[in-house]
Every structure is written in C-alpha cells, then in structure tokens.
Amino acid sequence: MQMRKSVQNLKVIANFQLNDDHHLLQLHVPDQLEKIVPGQFANILVDQSQSIFLRRPFSIHTVDYQNNIISILIKEVGGGTRSLSHVPVDSFLNVIFPLGNGFSIPSSKETVLLVGGGCGVAPLLHLAQVLSSEDNDVNILLGARSSVDLVELEQYAIHGKVFTTTEDGSHGEKGFVTDHTIFGAKLDSFSKIYCCGPEPMMKAVASKAKAKSIWCEVSLENTMACGFGVCLCCVTETIQGHKCVCTDGPVFNINQMKWQI
Amino acid sequence: MADLSTIIHNIKLKNPVLTASGTFGYGVEFDDFFNVNLLGGFIVKGTTIHPRQGNPYPRMAETSSGMLNAVGLQNNGAHYFATEIYPKLTKYETNVLVNVSGSTIEEYIACAEIINELDHIAGIELNISCPNVKEGGMAFGTSCPSAAAVVSAVKKVYNKTMIVKLSPNVTDISEIAKAAEGAGADSLSLINTILGMAINAETRKPLLSTITGGLSGPAVKPIALRMVWQVAQAVKIPIIGLGGIMNATDAIEFFLAGASAIQVGTANFIDPLATVKIIDGIDNYLNRHKISSISELIGCLHL
C-alpha cells in the first residue's frame, strides 16, 4: 500500500559530505515505511528563522524499507539548504512526507532512459533502483559542470548503465547533457524517458522525446509554501489549466505541458 | 478543562480556532494529518460564481517572517463546489464555512445564492478584501459605500451567518467595519493580507508575476492586532481575528484585543498540525491562569 502523507520528526542518522556543495542526509523513520513512489518528495522544516520561514522541498533520494531509512540529497544553493547541509547527526528534522505523485513505473519490462542534470539527479537514484528491481533495462545519463559535481556514480551503476556529460569535459562526453550522443540514432531504442533537472534542460529533452514520439515524464520544481495542495502557489500551466506541482505533480507527462517544444 | 466554546452570531464553535480561507484547501487535504473535526470550524477557499484560473506563476515569495502570495482566487466556481466538493464536506461534524468572492455585486449575489442552498454550510465569509484580483475583491472593501452596498446586497439573499472579511489596505479600518456592520454583517473577520512587494536585486525583476501581492505570516501580526483592537472599539458584532497567528500565545493576544474567535492561516503551510497545537495551548493557558471560559478573555486587555 502506498504510504499516506504525515508530519514526522525524523532522526538524522548520517550526514555525508559528497563534495563541496552536496550533502547526503539519512533520516530514520520510526514507523514501518510503506510504499514510496520514486519522484515523491519531502518538505523539510529548516529552522523557522526570520529568513528561512517556509519548509524546503526535496526529492526522496533513496528508500531503505528494511532499515526504515530515507535519504535526501541536498545541494547548497541558499540559506535553507546551507542550514540543512550542516544539520548534526542525532538531531531531528520535522518532515512532511511522502508528497506528490511520483514517476510512472512500466508494467512490462522496458528499455528506459533516465536523464538528470544538476540537483535534478536527486529522485533518479530511487527511480533507477525501482526500475531495475522490476527487470527493466535501465540507462542513466547524468550531466554536470565538472566531474566533481557528479556524485554517487557507483550507486547509479548498481541499477543500470551510466552515461555522463560534463561542461568541461572532465568526465564522459563534453558539453550539456542534451548534447550526448545517446540522443542520436540510439534514442529510438528507448520506450520511456524520465527526466529531472533545470527547466531549459527538461524542455530540450522533452523536445527530443516528442520528435521521436517517445513517452516522457519530467519532474518539475516550483517554489511552494505548503507542499500538499492548499496554498496553490506552485502551479504550472498544463493543457488542463493551472495544476499544482506539489499534488498534481511534481511529475508530469510532457504531453500535459504547455511547453513550446 | 476550560470552556473553549464561543459564539459567532448563530454559529456555536466548540473552540475558537478556525482556519483562514486559502490556507486549508477544502479541509480534506488535512484528513491525513489530523481529525479536522477537532477544529471550531474551517473556512474553505475563496469561491467565485465563475471558475478562475488565478494568476500566472510565480505566485509566492518568501519574505522576512512571512510570505507574499498572488494566487488570485483560483477555483473551479460555485457550481463545481456545490456538486463536486460539497458532498465530500458533509461528513464533517464541525462548522464548515465558505469564503465568497466576486468581481461585481451580481457575482457575489449569484455565488451566495448557490451556497445558501447547501444545508451543511454554517455560514459564508464575504471576501471584500482580496488584493490579488484585478476587478472587485479589495476594491469593495476599501470604501464605505461600496462595502455597504455589497454586504447589504448579499444579506438579502443569504439566510445564515455572514461574516465580512476586511482589508487592512485602508486608511481607517474602523470606518469600513462600521459600514459593514450597518449594512447587515453578522460578524467581521480581519485582517486579509497586506499589499506588499518583493524584488530580486540581482535580476532587477519582481518576485511575483503580478508585481505586488498579499503579505501574511508573523510579519503582519502587530498590524492585525492593532486593527482588531481598533475595530473592537467601533462595532458590537463579534470579531474573528487573524494575521500571523503561529501559536496559542498569538491567539490569546487576539482574544485580549477583542476577537471572539481566531483563524490560523499561513501557519498551516509550515505546520499542518498548528491548529490542534493552538487549541491545546489555549486550554493550557486558561487552566494555568485559572480562567474557566474563553469568554472571560475576549476584549479583556488590562489597560
């Protein structure tokens, strides 16, 4: 059964610094975890200080049902993420989770491509894990500025074949993620594309998928106040009008989007 | 256990904690978090006669101790509410109220007429104070004649309790309060959000698609308290106080300023359990001060 959302105080059992600006937090959930869909997110209370008043949403990076642990990948981009990156082990975080809809998992074995860029890689590890556990042929393309920004490649490699791009050419193919040769003739071999990253990147991937009529889902990230569908602040334009990224998404099929692609 | 009950016109509340329109969805969004029946009541989001798409993204900006929003009354319209949402609300054993808005007096009337047919809705909150719509909304709540006109028009078609939600974006809120009371308001709720603005200095762009929006959260509480105090001196009908209430102490301050009940708004976004914590905290306060009933606090500021 899919887990219902709740507000919980979760103990920080580990905080790994992966590079200059990436931290991995492992949070222990007191009650038995129920099914969390890849792409669902957690809305974390930082410290309710004057300047960091609202919660911060993060994709659930991995789920360990055996040990009741969820992990969160945090990239420092501002005051909220900086504060969370340095949260001490054994402290508690107030977390609302799991939120949002999550990616669609195919019912039959398929050859799929996961595309992530920047901090958009966060939900893709859980997605890769679930897709590979269902015997799909999982291919993962990750893009970053430089090799130091590519974190946990060995973790992705457990669940699929990993391809990379870096803007400086220090790892994988040189250029943006959308410049990768996988988007050439090989693209036809994929029946599904899952994408998460900066919006221009997702639009570029969506455009390539659409040109080949390949099913494609993207995970959006809009600023939000609540995370559970009551503030109506995080809307995105879809063919059915404004939809909340937090409850109708964050995952949308590209056919629903009003993107000019 | 102290007596937390309070009365707003014909509505008896088992405790004085309501939720602010636009911060509590249709209540059902909170069913996973707690038993919504524990509340004195809740006010569902702004409903208009015609469906509204609301404003473009971005609609929200975090500010010091608060947030700006520019949602713009996104809703599917009163008919959709009555046929699709209302049946889900009849399960609740607490008071459910509907916030009603419009661009013209005729739209307010048409919307109120539809809500009037819904037995399980205890009352309406007439929104003459939304800062995020181009027409109507706040325009009705910023002059005495227009406030009186819309209040008296809706009073003729709505038979149950009518609360009028006031805008703080006025020179003298007591004058508007008196006009609404004179036109037949059964109760007043205040304050709606304060018109504000946020700019990104790096990009030189406004943070909201609408440039300006409504400020809420703890940043507005001192203004809200002051206005509740002023309005309490000016009218005889019960006042529902709101504006930046985050905890029970905040709520007590509003009772002391003259509010018979309070609404929790922005706090619902940060802690979905804020309302139940506030109810417990009010009870604790009354017990600690050996006060048997919340009514002994209302307007009892020591001067």
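The values are calculated or read from the model by the stated rules, or taken from the named source; none is laboratory data. Fair warning: this is a prediction, and the values are worked out from it, not measured in the lab. Because the Cβ atoms are built from the backbone with ideal geometry, glycine has one as well, and the counts that use them run over all protein chains shown.
A few notes on this one:
- The range A:159-171: number of residues that are touching a residue at least 12 places away in the same chain (Cβ under 8 Å) and not in a strand (DSSP E or B): 6
- Pairing residues of the range A:84-101 that are of a type in the set (Ser, Thr, Tyr) with residues that are in a strand (DSSP E or B), at Cβ distances under 6 Å and at least 6 apart in sequence or on separate chains, gives A:SER85/A:HIS23; A:SER85/A:ILE74; A:SER91/A:VAL12.
- Filter result for B:LEU18 (crowded, with 22+ Cβ neighbours inside 10 Å, away from chain A (no Cβ under 11 Å) and in a strand (DSSP E or B)): yes
- When each of A:LYS203, A:LYS186 is tested for being away from chain B (no Cβ under 14 Å) and modelled with pLDDT under 95, the lone residue that passes is A:LYS186.
- Scanning the range A:213-223 for residues that are more than 16 Å from the chain's Cα centre (by Cα) and hydrophobic (A, V, I, L, M, F, W, C) yields A:ILE214, A:TRP215.
- A single member of B:PHE34, B:PHE24 is assigned to a loop (DSSP other than H, G, I, E, B), aromatic (Phe, Trp, Tyr) and surrounded by 20 or more Cβ atoms within 10 Å (Cβ to Cβ), and it is B:PHE24.
- Considering each residue of the range B:213-236 in turn, at least one proves to be of a type in the set (Val, Ile, Thr) and within 21 Å of B:TYR285 (Cβ to Cβ).
- Residues considered: A:ASN19, A:ASN43. Of these, the only one that is of a type in the set (S, T, N, Q), in contact with a Pro (Cβ under 8 Å, 6 or more places away or on another chain) and in the same structural domain as A:LEU93 (by TED's automatic domain parsing) is A:ASN43.
- Some residue of the range B:114-136 being closer than 24 Å to B:PRO16 by Cα, modelled with pLDDT under 95 and aliphatic (A, V, I, L, M): yes
- Here A:SER51 passes the criteria (1) surrounded by fewer than 20 Cβ atoms within 10 Å (Cβ to Cβ); (2) closer than 24 Å to B:ALA267 by Cβ; (3) of a type outside the set (Phe, Trp, Tyr); (4) in contact (Cβ under 8 Å) with a residue 60 or more places away in the chain except the one numbered (4).
- Taken over the range B:107-121, the criterion of being in a helix (DSSP H, G or I) and more than 11 Å from B:VAL154 (Cβ to Cβ) is satisfied by B:ILE114 alone.
- Unmet requirement for B:SER64, which otherwise passes all of (1) buried (at least 18 other Cβ atoms within 10 Å of the Cβ); (2) within 10 Å of chain A (Cβ to nearest Cβ): (1)
- Subset of the range A:43-97 [more than 14 Å from chain B (Cβ to nearest Cβ) and aliphatic (A, V, I, L, M)]: A:ILE60, A:VAL63, A:ILE69, A:ILE70, A:ILE72, A:LEU73, A:ILE74, A:LEU84, A:VAL87, A:VAL89
- Filter result (within 22 Å of B:LEU208 (Cβ to Cβ) and surrounded by fewer than 15 Cβ atoms within 10 Å (Cβ to Cβ)) within the range A:201-243: A:GLY241
- Any hit, the range A:22-37, residues being touching a Gly at 6+ places or on another chain (Cβ under 8 Å), within 14 Å of another protein chain (Cβ to nearest Cβ), crowded, with 18+ Cβ neighbours inside 10 Å and of a type in the set (A, V, I, L, M): no
- Residue within the range B:32-53 that is more than 22 Å from B:LYS165 (Cβ to Cβ), touching a strand residue (DSSP E or B) at 6+ places or on another chain (Cβ under 7 Å) and of a type in the set (D, E, K, R) present: yes
- The residue that is nearest to A:GLY143 (Cα to Cα), among those in the range A:159-192 that are among the basic types (Lys, Arg) and loosely packed, with under 15 Cβ neighbours inside 10 Å, is A:LYS174.
- Members of the range A:241-261 that are away from chain B (no Cβ under 11 Å) and part of a loop (DSSP other than H, G, I, E, B): A:ASP248, A:GLY249, A:PRO250, A:LYS258, A:TRP259, A:GLN260, A:ILE261
- Residue match in the range A:120-138 (condition: in contact with a Ser or Thr (Cβ under 9 Å, 6 or more places away or on another chain), of a type outside the set (A, V, I, L, M, F, W, C), within 18 Å of A:LYS75 (Cα to Cα) and surrounded by fewer than 22 Cβ atoms within 10 Å (Cβ to Cβ)): no
- Leading residue by the ranking (farthest from the other protein chains (Cβ to nearest Cβ)) among those in the range A:214-234 that are of a type outside the set (Asp, Glu) and outside any loop (DSSP other than H, G, I, E, B): A:TRP215
- Within the option set A:ILE193, A:ILE214, A:ILE239, A:ILE261, being outside the structural domain of A:VAL115 (by TED's automatic domain parsing) and touching a Lys or Arg at 6+ places or on another chain (Cβ under 9 Å) holds for one residue only, A:ILE261.
Residues checked against (1) modelled with pLDDT of 95 or more; (2) under 19 Å from A:VAL130 (Cβ atoms); (3) under 20 Å from the mean Cα position of the chain (by Cα):
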| site | (1), (2), (3) |
| --- | --- |
| A:ASN9 | yes, no, no |
| A:PHE16 | yes, no, yes |
| A:ASP21 | no, no, yes |
| A:LEU25 | yes, no, yes |
| A:PRO38 | yes, yes, yes |
| A:GLN48 | no, no, no |
| A:ASN68 | yes, yes, yes |
| A:ARG82 | no, no, yes |
| A:VAL89 | yes, no, no |
